[in-house]
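This report refers to the structure that appears directly beneath it.
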Amino acid sequence: MKKSLTVNSAWLMFIMLFFLTIITMLFVVEFRFLKGIMNDYEETIRQVAVNKTSFFLNNLRGVTEGAARKLNGRPDRNAALKELPLFDHRITGAYILDATGRVVARTGIPPGDLPLEKFRSQPPRQGSRVLGVHAGDGAQTVVTVVTPLGKEWLALDFSIMDFQQELSQEFLGNTCKVAVFAGGKTPVVWPFERELLDQFSGREEKFYANQLAYDVNSLTMGDPPWQLYFFLRENNFDTYRIITIMLLLFALYCCLYQFLVELWGVNSARTYFENIDFNIFNHVHEGVIISNNAGRVLFANQAAHEIFSAKGPLKGAKLKEILGHIGDAPGEKNRYGTLTLKTADRLLEAIHSPIVKKGKVLGALTVIGAGGREEETCSRVLSRLMETLPQGAVYVDRNHRVVQANLMARCYLGSLETGISIDAVDPELAGFIYRNMGSRSVKRVHLNSRHLDGEVIFVYDDEGVYAGTLVLLEAPEQGGSTVSTPERVEARTR
């Protein structure tokens, strides 16, 4: 049966999903808000350029109509035409045209590119009209505007220098620039170097100038139509927005996937063994413990319960509370490999190994060797060996209690029940053991009270910790006396 995620893990994952979702939504809303601000800014720039251009053209029409009213009723039109530059400083030339477009009066020689053919083919029906842009005197660019003058027409050339300066100063920075073209390819305002004008066709969506990239969009206004081109410096805002949102969505997807995986138990230690009958582990002599990544025991067989009977039920308990020195709790580094467990009465060997699936650690498997058969076999071998010895043999554990003694030892020392303290058996022997405990060599001993000689051998485990003492006693000498050997003298002095 699948086990749901623990409450703490579920809440933690839910909180992460919640905040990640909120952050993603905030980023989406923020990006939309910023995009709206940028669109409003770009629209404002366009409107400023359109308003200035429209005001410029309307102003030229108004000045031309005012000049026509001033000329009406003047008998000397040539003299009146020469006075028109005083009426507006932008006027560079004035012409009176008949209905066929022929010049009947003028302030100077009309330029060769004066668009009279356009006037003849499409004469304005009423009101003033921008006839076109051409090169005036001194090679400066002028705008020609015509307006009715009785049965004739008044044509004025206006310098566009003021308009060019005003528009260039308004869009002086590199963020946004504006270009104005009249009649298709005739430039009125060009914000870049003149060399770049030949590279511009008016159909580009991207334009590169001074190592900068610009997004290009256009707008048509007026009659005849004037084209306004807006060069907005490329900011890659949409690209950054898409990348950021995609990364957030990817993180949200990964978090949601992990949550569902953990919730459905796809990658848990229990589902790893869900097709295995756990009861099969109850038929092995070693203790088997399966734990998850949270350090909780999912399963413990009968042998494990017998080894740790004092711990009570093991299922659901923390592995650290059972094995102690194995750091198998969250936030601690796992100690995998072969380990030694010390209990009150014996040493156990445990193999602690991770459960890995597709490169992910799902939990841990701990196998504990109870060592019952080995200990029993060693005990029998030691017992048989001690019985065959001609000396009296007594083995005392680290707590100075008798573990084993052969028949000869019982003859020499009397009753040697298992578990009895060596102090109760022979205080003189016990004192010798206490004084020499820690020695790494075989010690000779002489018991005056019993007229016995013997050897005392101290036993240590693999870690050098005192494990017990083996005492070998020799038969008492005849006549109750002893021979003074150097070893015995040394033993007595100690």
Do you know which residues across region 231-253 are without any contact (Cβ under 8 Å) to a residue 60 or more places away in the chain and in contact with a helix residue (DSSP H, G or I) (Cβ under 6 Å, 6 or more places away or on another chain)? none
Only one residue in V394, V381, V361, V356 is in the same structural domain as I433 (by TED's automatic domain parsing) and either modelled with pLDDT under 85 or under 30 Å from M437 (Cα atoms) (or both), so which one is that? V394
If we scan region 62-83, do we find a residue that is modelled with pLDDT under 85 and either of a type in the set (D, E) or in contact with an Asp or Glu (Cβ under 7 Å, 6 or more places away or on another chain) (or both)? yes
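Does V465 meet the test of being farther than 30 Å from V288 by Cβ, of a type in the set (V, I, T) and not assigned by TED's automatic domain parsing to the domain that holds F308?
Criteria not met by V465.
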Looking at region 173-190, can you tell me whether even one residue there is under 47 Å from the mean Cα position of the chain (by Cα) and aliphatic (A, V, I, L, M)? yes
Single unsatisfied condition, T24 versus (1) part of a helix (DSSP H, G or I); (2) modelled with pLDDT under 80; (3) of a type in the set (S, T, N, Q): (2)
Residues N399, N436: which one is under 18 Å from V459 (Cα atoms) and loosely packed, with under 11 Cβ neighbours inside 10 Å? N399
Name the single residue that is farthest from L232 (Cα to Cα) among those in region 30-46 being surrounded by fewer than 18 Cβ atoms within 10 Å (Cβ to Cβ) and β-branched (V, I, T). I37
Selection over region 173-211 where residues are surrounded by fewer than 12 Cβ atoms within 10 Å (Cβ to Cβ) and assigned to a strand (DSSP E or B) yields a count of 1
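Condition (residue is more than 22 Å from L131 (Cα to Cα), in a helix (DSSP H, G or I) and without any contact (Cβ under 8 Å) to a residue 12 or more places away in the chain) applied to region 55-76: is it met by at least one residue?
No, because not a single residue in region 55-76 is more than 22 Å from L131 (Cα to Cα), in a helix (DSSP H, G or I) and without any contact (Cβ under 8 Å) to a residue 12 or more places away in the chain.
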Which numbered condition in (1) in a helix (DSSP H, G or I); (2) at positive phi; (3) of a type in the set (G, A, S) is the only one that G101 fails? (1)
Of all residues in region 47-56, which are crowded, with 19+ Cβ neighbours inside 10 Å and either of a type in the set (V, I, T) or in contact with a Gly (Cβ under 9 Å, 6 or more places away or on another chain) (or both)? T53
Quick check: anything in region 5-14 surrounded by 13 or more Cβ atoms within 10 Å (Cβ to Cβ), modelled with pLDDT under 85 and not in a helix (DSSP H, G or I)? yes
Conditions (1) surrounded by 17 or more Cβ atoms within 10 Å (Cβ to Cβ); (2) at pLDDT 80 or above; (3) under 48 Å from the mean Cα position of the chain (by Cα): number failed by K315: (1)
Would you please name the residue that is farthest from V103 (Cα to Cα), looking only at residues in region 153-163 that are crowded, with 18+ Cβ neighbours inside 10 Å and out of contact with any helix residue (DSSP H, G or I) (no Cβ under 6 Å at 6 or more places or on another chain)? I160
Apart from one, (1) more than 30 Å from L339 (Cβ to Cβ); (2) exposed (fewer than 13 other Cβ atoms within 10 Å of the Cβ); (3) modelled with pLDDT under 80 all hold for E463; the odd one out is (1)
Sort out which residues of region 318-353 are in a loop (DSSP other than H, G, I, E, B) and either surrounded by 12 or more Cβ atoms within 10 Å (Cβ to Cβ) or modelled with pLDDT of 75 or more (or both), and write them in order of number. I326, G327, D328, A329, N334, R335, Y336, R346
Looking at G419, is it surrounded by fewer than 17 Cβ atoms within 10 Å (Cβ to Cβ) and more than 60 Å from the chain's Cα centre (by Cα)? yes
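The values are calculated or read from the model by the stated rules, or taken from the named source; none is laboratory data. Small disclaimer: the values here were computed from a predicted structure and weren't measured. Glycine also receives a Cβ, built like all others from the backbone with ideal geometry; neighbour counts cover every protein chain displayed.
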